[in-house]
Structure formats: structure tokens, C-alpha cells
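Below is one structure, written out as C-alpha cells; comments come after it.
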């Protein structure tokens, strides 16, 4: 699906694309050609609304986050973040890595 979108948008260099997903299969799909970012706390593995997440104690959040983070890391995500709010900093990091000659 991600590569279909790249083709539909006529992206000339897929290495500049970023796949953001909350599942292991989604991360695996992205790893074939692009940077991948896993969403742990706001993803399906945790399965809570933003309000439900905010109502948890930090300890409860850590307990919920841990298996989701582990699953995304095992899948090979280049980055794992809690929510999409953290994505701009990751994109800055990816830009720096690309500028340094790194590729996904």
C-alpha cells in the first residue's frame, strides 16, 4: 500500500518517504524502501483513546507502552514514538541522517 501511494504521487526518490504505522506488518512493509516510524501509545496495541491514555498514571502508561514499543522495535522500526505529536522531531532527525548520506 505504501509503495502504491509513492507511485500514485509520482515520488522520485522513495528514500525520502516515511511510513508511520502502529502495526508490525505496516512497519515491515515500509522497511522495504523507506524510513519507518512506529506509533506505540496512540496505536492499536494500546487501544486507548487520548482521554483514556491521559487518565492513566505514568506507571500505567509505561506498562501499556512497553509491549507496543517492543513489538514495533522487533518489527524493525527506525524510530518508535508515543504519538504523532513527536513526528516533527523525528522528521528533522531523518533529514539530518539523509544529509549525512544515510539511507533507510
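Nothing in this text is a laboratory measurement; each read-out follows from the coordinates by a stated rule. Being a predicted model, the structure only gives us computed values, none of them experimental.
Summary table
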item	result
Approximate shape of the chain as ellipsoid semi-axes (Cα gyration tensor, √5λ), whole Å, largest first	27, 14, 12
Gain on full stretching of the segment that runs from residue 11 to residue 56 - 0.36 nm per residue minus C-alpha separation	12.1 nm
